[in-house]
């Protein structure tokens with residue numbers, strides 16, 4: 001079994017295009033968690049986020065023969081497909097929603113004690129409430145940068161904006177979050193509860 005850790009995404013993609021299932025498995029391992037977070041931050045059900053994550057990687061597998069790297073990181077390609085899968089999901093259920101649900105993300109980890117789980121639950125409730133109140137582009141940049149852990153360059157390509165525009169948008173989104181936290185006692189209380197637990 002080859003060691004994949006020092007192999008770049010572009011090389012893994014080439015190998016996967018050549019039929020190497022192990023290389024595609026490594027692509028999945030590297031990116032499934034951030035894709036799940038992308039979906040979970042937009043959907044009301046963690047099971048839907050899991051289903052869409054699986055569906056996304058099936059789409060990626062099917063589209064690999066036609067994929068050509070054109071100076072765009074593979075992660076940007078991945079998140080464009082994720083965005084299309086999300087749009088298709090909304091069309092399918094015929095009720096667009098920007099509900100955030102981070103439930104289930106790590107809450108069933110047996111290594112966590114009840115206090116840690118309670119703290120994480122409160123933090124997620126505060127995060128959900130803040131994200132629900134943001135404009136769509138602010139929400140998207142924060143989810144891509146901090147939940148999906150994309151770099152500014154990858155976020156820019158996924159959002160089809162310049163890196164400078166993403167940095168400005170991220171800065172404004174963080175100011176909006178701070179203002180929401182300062183102006184909303186419920187959010188501050190949730191945040192304080194999470195910190196004191």
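Taking the range 80-94 only, how many residues are crowded, with 18+ Cβ neighbours inside 10 Å and over 21 Å from residue 64 (Cβ atoms)? Total satisfying the criteria: 1. Residues in the range 138-151 that are surrounded by fewer than 16 Cβ atoms within 10 Å (Cβ to Cβ) and touching a helix residue (DSSP H, G or I) at 6+ places or on another chain (Cβ under 6 Å): 149 only.
Checking 116, 136, 153 one by one, the residue that is more than 19 Å from residue 49 (Cβ to Cβ) and at pLDDT 80 or above is 153 and no other. Of the residues making up the range 94-106, not a single one is modelled with pLDDT under 80 and either closer than 30 Å to residue 18 by Cα or in contact with a strand residue (DSSP E or B) (Cβ under 8 Å, 6 or more places away or on another chain) (or both).
Each residue in the range 22-61 was checked for being in contact (Cβ under 8 Å) with a residue 60 or more places away in the chain, surrounded by fewer than 22 Cβ atoms within 10 Å (Cβ to Cβ) and not in a helix (DSSP H, G or I), and 0 of them qualify.
The values are calculated or read from the model by the stated rules, or taken from the named source; none is laboratory data. Source: prediction; values computed, not measured. Cβ sites come from the backbone with ideal geometry, for glycine too, and all protein chains shown count toward neighbours.
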